[in-house]
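The values are calculated or read from the model by the stated rules, or taken from the named source; none is laboratory data. The model shown is predicted, which means the values in this text are computed figures rather than measured ones. Positions of Cβ are generated from backbone atoms using ideal geometry, with glycine treated the same way; all protein chains shown enter the neighbour counts.
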Amino acid sequence: MEIIKCIFCKKEKGETEYSYHHNKRNKACNECREYHNNHYAKNMDGKKTKAKEFYIKNKELFRDRHFASNIKRKYGLSIEEYKKMLSCQSNKCLICENEFDDDWTKWNRPCVDHCHITKKVRGILCRKCNISLAYIENNKFLQKSLQYLNESMK
């Protein structure tokens, strides 16, 4: 029989004192797990309220953190690299040359333009130009669009 040390009470107990969850042995003994589960159930509403209040007070922090982790995961850019690219572009879209607002929200934040095949970052564009470029990048769509425009002018 294997002896395991509980992470809460620090007592060494036999493996029969521990349960399994998703085929992995819990690090807390059954007695401690029951205590902590009951304690959490009693205080769950208070914890949710505190978490909600903290989120409301720090909404901008959460938004900025989420954006920073998103561009790191998707494009491999740090927030400093993103801001440096913006400053190199004079805080303007590379296509329409409209200046970006300082007050960013989800819908007016500058977009990172990248090639979907090579995953290489090309620059930073406004949302309209980025969406338009996605359609133009598709050769078949561009050809059909030009054909449609040519035929409609006759």
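Name the pairs: first residue in the stretch 75-89 and on the phi < 0 side of the Ramachandran plot, second residue of a type outside the set (A, V, I, L, M, F, W, C) and surrounded by fewer than 14 Cβ atoms within 10 Å (Cβ to Cβ), Cβ to Cβ under 9 Å, at least 6 apart or on different chains? Close Cβ pairs (under 9 Å, with a partner that is of a type outside the set (A, V, I, L, M, F, W, C) and surrounded by fewer than 14 Cβ atoms within 10 Å (Cβ to Cβ)) amount to TYR75/LYS119; ILE79/ASP64. Tell me yes or no: at least one residue of the stretch 50-69 is surrounded by 12 or more Cβ atoms within 10 Å (Cβ to Cβ), modelled with pLDDT under 90, closer than 30 Å to ASP102 by Cα and of a type in the set (D, E, K, R). The answer is yes; a qualifying residue exists. Among the residues of the stretch 17-36, those that are exposed (fewer than 10 other Cβ atoms within 10 Å of the Cβ) and outside any loop (DSSP other than H, G, I, E, B) comprise TYR20, HIS21, LYS24.
Please work out if ARG73 is of a type in the set (D, E, K, R), in the same structural domain as ARG109 (by TED's automatic domain parsing), assigned to a helix (DSSP H, G or I) and exposed (fewer than 14 other Cβ atoms within 10 Å of the Cβ). Against the criterion (of a type in the set (D, E, K, R), in the same structural domain as ARG109 (by TED's automatic domain parsing), assigned to a helix (DSSP H, G or I) and exposed (fewer than 14 other Cβ atoms within 10 Å of the Cβ)), ARG73 qualifies.
Within the stretch 102-148, being within 19 Å of the chain's Cα centre (by Cα) and assigned to a strand (DSSP E or B) holds for CYS111, VAL112, ASP113, HIS114, VAL121, ILE124.
Across the stretch 102-139, the number of residues qualifying as at pLDDT 80 or above and more than 18 Å from ASN70 (Cα to Cα) comes to 7. Annotation note: of TYR82, TYR55, TYR40, the sole residue that is under 21 Å from the mean Cα position of the chain (by Cα), over 24 Å from SER132 (Cα atoms), of a type in the set (Ser, Thr, Tyr) and not in a loop (DSSP other than H, G, I, E, B) is TYR55.
For the residues LEU86, LEU94, the requirement of being touching a Leu at 6+ places or on another chain (Cβ under 7 Å), within 18 Å of ASP113 (Cα to Cα) and either aliphatic (A, V, I, L, M) or not assigned by TED's automatic domain parsing to the domain that holds CYS115 (or both) singles out LEU94. Restricting the stretch 95-154 to residues that are over 16 Å from LEU77 (Cβ atoms) and basic (Lys, Arg), the residue that is surrounded by the fewest Cβ atoms within 10 Å (Cβ to Cβ) is LYS154.
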